[in-house]
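Here the structure is laid out as structure tokens; the discussion comes afterwards.
Since every read-out is calculated from the coordinates, none of them should be taken as a lab result. Because the structure is predicted, anything quoted here is derived from the model rather than measured. Every residue, glycine among them, receives a Cβ derived from its backbone with ideal geometry; neighbour counts consider all protein chains shown.
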Amino acid sequence: MKIRALFIGLVAMGLSAAAVAADPVVIKFSHVVANDTPKGKAADKFKELAEKYTKGAVKVEVYPNSTLYKDKEEMEALQLGAVQMLAPSLAKFGPLGVKEFEVFDLPYIFDNYDDLHKVTMGPVGQKLLGKLEGRGIKGLAFWDNGFKSLSANTPIKAPDDIKGKKLRVQSSKVLEEQMRALGAIPQVMAFSEVYQALQTGVVDGTENPHSNLYTQKMHEVQKHMTLTDHGYLGYAVITNKKFWDGLPAEVRGQLEQAMKESTEFANKIAREENDKALEAVRASGKTAIYKPTDAEKLAFKKALVPVHKKMESRIGAETIQSIYKDTGFDPSKL
Ligand code: LMR
């Protein structure tokens with residue numbers, strides 16, 4: 001009764017009903033990369049569109065660069081409802097118990113963005129997102145980043161060149177196995193800690209799409225980088241399922257539209273952002289960039305593709321086969 005009286009009072013004072021309507025729904029969107037990256041720019045685009053389409057009924061607060069949470073914490077925060085949206089790398093879903101996502105980490109499984117999109121924009125991708133629901137998470141979209149290069153303080157032309165070196169990886173068992181297949185020692189570490197670990201020599205090298213390497217200034221502490229394109233790094237945009245299902249249907253529809261358009265935006269800019277970052281690294285003169293010959297690339301492939309078979313029991317043969325079917329990848333034909 002009291003609230004109703006207050007409401008009528010405020011309207012009588014000349015405030016419109018809309019002005020005294022409920023506070024906006026706040027979506028805290030946390031991520032670990034810089035604003036000036038494919039993911040950072042897409043998160044900002046989502047904010048812009050979500051606020052526009054909901055006419056301010058939703059406010060999106062973007063927290064970039066691990067300012068709110070680091071990798072592992074952000075997953076926990078989403079499940080607890082402390083944040084509402086994330087876009088973790090596909091390599092970071094294993095610790096959540098959704099090991100199938102590590103299929104995206106298999107070395108050389110995608111030759112290019114077209115192959116990747118056959119999966120992320122098709123039924124296999126949808127099925128993978130559906131697997132998150134049992135964890136209280138709703139998968140909304142896949143956002144592209146790009147293909148990874150290897151970096152270290154010594155030149156890398158052959159798999160043996162990183163033998164015995166400590167290489168930072170994301171929290172994916174497939175990536176750990178990948179480094180072992182090269183004779184390197186994998187070190188799992190949060191993204192926010194990589195620059196310092198490289199600078200102080202805690203690790204010798206790492207792997208990244210160029211946009212991540214450049215915006216975290218890793219090129220200042222890595223003398224060599226090789227364009228191996230040995231694996232893909234991209235994202236799943238996820239939300240807390242209870243939060244999402246609890247939104248008014250109209251608002252959810254508006255947010256879905258904002259997500260659809262920001263996904264198109266993300267996937268449009270990813271390649272050019274990575275190309276630009278590579279040129280910026282080159283221009284800095286701090287890191288020597290090496291493009292392997294076809295024969296050198298084949299040596300990396302031969303060393304790395306056996307990881308597919310080795311990780312089959314973890315990822316599931318069916319998931320791996322469904323991607324081979326989409327892309328035409330055949331591990332026996334190298
Ligand atoms: C990494 O940890 O290297 C990446 O997952 C960071 C990111 O989100 O692109």
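When the trypsin sites (Lys or Arg not before Pro) in segment 53-144 are filtered for DSSP coil states and for at most 11 other beta-carbon atoms within 10 Å of their beta-carbon, the remaining sites are Lys55.
Projecting the Cα atoms of Thr228, Val119, Ala87 onto the charge dipole of the chain, computed from C-beta unit charges around the Cα centre, puts Ala87 farthest toward the positive end.
When DSSP beta bridges are restricted to pairs lying wholly in the chain, around 50% turn out antiparallel.
Close amide-amide hydrogen proximity is noted between Gly146 and Leu233, each under 5 Å apart and 5 or more residues distant or on a separate chain (H modeled in the peptide plane; Pro and chain starts excluded). Residues whose amide H comes within less than 5 Å of that of Ser66, counting only those at least five positions distant or on another chain, are His31, Val32, Val33 (H built at 1.01 Å from N in the peptide plane). In this label model, Glu272 and Ala22 are separated by 4.0 nm, measuring between points 7 Å along each Cα→Cβ vector. Per-residue 3J(HN,Hα) values for segment 235-247, derived from phi via the Karplus relation 6.51 cos²θ - 1.76 cosθ + 1.60 with θ = phi - 60°, read 10, 10, 7, 10, 9, 6, 5, 5, 4, 5, 5, x, 6 Hz in sequence order (x marks Gly and Pro). Taking 7 Å steps out from each Cα toward its Cβ at Asp115 and Lys333 produces label points 1.1 nm apart.
Anyone know which of Asn274, Asn212, Asn112 comes out most mobile in the 10 Å Cα GNM of the chain? Its mean-square fluctuation being the largest, the pick is Asn112. If R0 is taken as 22 Å, the Cβ-Cβ distance between Lys242 and Val188 corresponds to a FRET efficiency of 0.15. Rounded if a/c is under 1.5, else prolate if a/b is larger than b/c, else oblate: which is segment 198-334, with a ≥ b ≥ c the root eigenvalues of its Cα gyration tensor? Oblate is the answer for segment 198-334, as a/c is 1.5 or above yet b/c matches or exceeds a/b.
Counting only Cβ charges, +1 for Lys and Arg and -1 for Asp and Glu, the dipole size of the chain around its Cα centre is about 440 debye.
Segment 178-234 and segment 62-127 have their alpha-carbon centroids 18 Å apart. Close amide H partners of Val237, meaning residues 5 or more places away or on another chain with modelled amide H under 5 Å apart, are Leu140, Ala141, Phe142, Trp143. Taking the helices alone, the chain has a mean residue ellipticity at 222 nm of -13000 deg cm²/dmol, built from -39,500 (n - 2.57) per DSSP H run of at least 4 residues and averaged over all its residues. Under the combined filter of DSSP loop state and at most 16 neighbouring Cβ atoms within 10 Å, segment 264-334 retains these trypsin sites (Lys or Arg not before Pro): Lys286, Lys333. Distances between every pair of Cα atoms in the chain, grouped in 20 Å steps from 0 to the bin holding the largest one, split as 31, 54, 13, 3 percent. The phi-based Karplus calculation (6.51 cos²θ - 1.76 cosθ + 1.60; θ = phi - 60°) puts the 3J(HN,Hα) values of segment 131-144 at 5, 6, 4, x, 9, x, 10, 9, x, 9, 5, 9, 10, 6 Hz, whole numbers, x for Gly and Pro.
Mind scanning Lys131/Lys173; Lys39/Lys72; Lys157/Lys309; Lys165/Lys309; Lys59/Lys241; Lys41/Lys217 and naming the pairs with a C-alpha gap bigger than 20 Å? From the list (Lys131/Lys173; Lys39/Lys72; Lys157/Lys309; Lys165/Lys309; Lys59/Lys241; Lys41/Lys217), the Cα-Cα distance tops 20 Å for Lys157/Lys309; Lys165/Lys309. For Lys127, a cut-off of 16 angstrom between C-alpha atoms picks up these aspartates and glutamates, skipping any fewer than 8 places away in its own chain: Glu100, Glu102, Glu318, Asp326.
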